[in-house]
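Beneath this line is the structure, given in structure tokens, with notes to follow.
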């Protein structure tokens, strides 16, 4: 059982216009962004300091990203994505996106939980290489 870590590790905020969203977050919060395309989605990473508190996140523009008041996609850390996914369907969920490399960051997958929420799973590179 994982009790010594924060379960949240990354979040994504869906946007329709990435430039407009970056301008908003820059003006309101003073954020600067690093941009990258991953899995065909345009991403603008919010500031993140590996030694700091909190979790990282990004603004994301892509076909599957629709801004909504219903929530933001969050990623939960998984030490072994294959073992985690093996438990999803047996517990009322579904696998939406199989284990896939996310650039040099690690491995990702997406599930629908028992309530139908879309939840991302993340296995950092250090864990995926072990």
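The values are calculated or read from the model by the stated rules, or taken from the named source; none is laboratory data. Given the structure is predicted, the values throughout are model-derived calculations rather than measurements. With ideal geometry, Cβ positions are generated from the backbone for all residues, glycine too; neighbour counts draw on all protein chains shown.
For the range 88-112, the candidate set comprises residues that are surrounded by 14 or more Cβ atoms within 10 Å (Cβ to Cβ) and not in a strand (DSSP E or B); within that set, the residue that is modelled with the lowest pLDDT is 93. Scanning the range 31-75 for residues that are outside any strand (DSSP E or B) and touching a residue at least 60 places away in the same chain (Cβ under 8 Å), which turns out surrounded by the fewest Cβ atoms within 10 Å (Cβ to Cβ)? Selected residue: 72.
If the condition is being more than 24 Å from residue 37 (Cβ to Cβ), surrounded by 13 or more Cβ atoms within 10 Å (Cβ to Cβ) and modelled with pLDDT of 85 or more, then the range 113-130 contributes only 113.
Every listed requirement among (1) assigned to a helix (DSSP H, G or I); (2) under 21 Å from residue 114 (Cα atoms) is met by residue 11 save one, (1). When residue 28 is tested against (1) surrounded by fewer than 11 Cβ atoms within 10 Å (Cβ to Cβ); (2) within 18 Å of the chain's Cα centre (by Cα); (3) not in a loop (DSSP other than H, G, I, E, B), only condition (2) is not met.
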